[in-house]
Amino acid sequence: MHEMALCQSIIEIIEDEARRRSLSQVRSVCLEIGTLSHVAPEAIKFCFAVVAARTIAENAALKIVELPGGAWCTSCSKSVEILRRGERCPCCGSYQLQVTTGEQMRVKELEFD
């Protein structure tokens, strides 16, 4: 489960930022997760709770914003929304889609006490 490693990295980001600002407790964490990122939001929620135990993020609220996948169709030259890789273009039916968004995962916002 790579979500555990991702959550460990999130905690490191939080701790680095807290050290930089001389803060001791994080109140909330907002993550953006693209639907094409191969990251399961429910697994992130579970893993975050486990990894955050006994850290400055132990009682932090976790908010996840899921971002849609997007692609550029090289056949009809349109930007389209996709739910998964390998889909057909909803406009022209072509499989010639180049993913443009939805693969990312990032810490969007931290709120400290």
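The values are calculated or read from the model by the stated rules, or taken from the named source; none is laboratory data. In this text the structure is predicted, and so the values were computed from the model without any measurement. Note that we place each Cβ from the backbone using ideal geometry, even for glycine, and neighbour counts take in every protein chain shown. In case anyone asks, the SASA skips ligands and DNA or RNA and just uses the protein heavy atoms, side chains included. Shrake-Rupley method; radii C 1.70, N 1.55, O 1.52, S 1.80 Å.
Take the Cα of residue 46, step 7 Å toward its Cβ, do the same at residue 66, and the gap between the two points is 1.6 nm. Mind checking the angle between helix 41-52 and the chain's longest principal axis? C-alpha axes, 0 to 90 degrees, to the nearest 10. Between the helix axis and the principal axis of the chain, the angle is about 20 degrees. Taking a ≥ b ≥ c as the square roots of the eigenvalues of the alpha-carbon gyration tensor, the range 9-73 is classed prolate because a/c is 1.5 or more and a/b outweighs b/c. Amide H contacts for residue 100 (H built 1.01 Å from N in the peptide plane; partners 5 or more residues away or on another chain; cut-off under 5 Å): 70, 71, 72.
How high is the relative contact order of the range 9-83? Use alpha-carbon pairs under 8 Å, at least six apart in sequence, and give a whole percent. Present the calculation step by step, with values, prior to reporting the outcome.
Working: 83 pairs, mean separation 25.4, N = 75.
Contact order relative to length: 34 percent.
Helix 2-21 and the long axis of the chain differ in direction by around 50°, with both axes built from C-alpha atoms. Name the most mobile residue of 51, 80, 39, meaning the one with the largest mean-square fluctuation, in a Gaussian network model of the chain with Cα contacts below 10 Å. Top of the fluctuation ranking is 80.
A 1.4 Å probe over all protein chains sorts 66, 17 by accessible area into 66, 17, starting with the largest. Among 73, 30, 92, the residue with the largest mean-square fluctuation in a Gaussian network model of the chain, with springs joining Cα atoms closer than 10 Å, is 92. Label-to-label distance for residue 106 and residue 92 is 3.0 nm, based on points extended 7 Å past Cα in the beta-carbon direction.
Ordering 6, 101, 39 by the projection of their Cα atoms onto the charge dipole of the chain, which places +1 on the Cβ of Lys and Arg and -1 on the Cβ of Asp and Glu, puts 101 at the extreme positive end. Taking a Cβ cut-off of under 15 Å around residue 30, the surrounding Lys, Arg, Asp and Glu residues balance to a net charge of 0, with basic ones at +1 and acidic ones at -1.
Per-residue Karplus couplings for the range 53-65, computed as 6.51 cos²θ - 1.76 cosθ + 1.60 with θ equal to phi - 60°, are listed in order as 4, 6, 10, 5, 9, 3, 9, 6, 6, 10, 10, 10, 9 Hz, Gly and Pro entered as x.
Kirkwood's formula applied to the C-alpha pairs of the chain gives a hydrodynamic radius of 15.4 angstrom.
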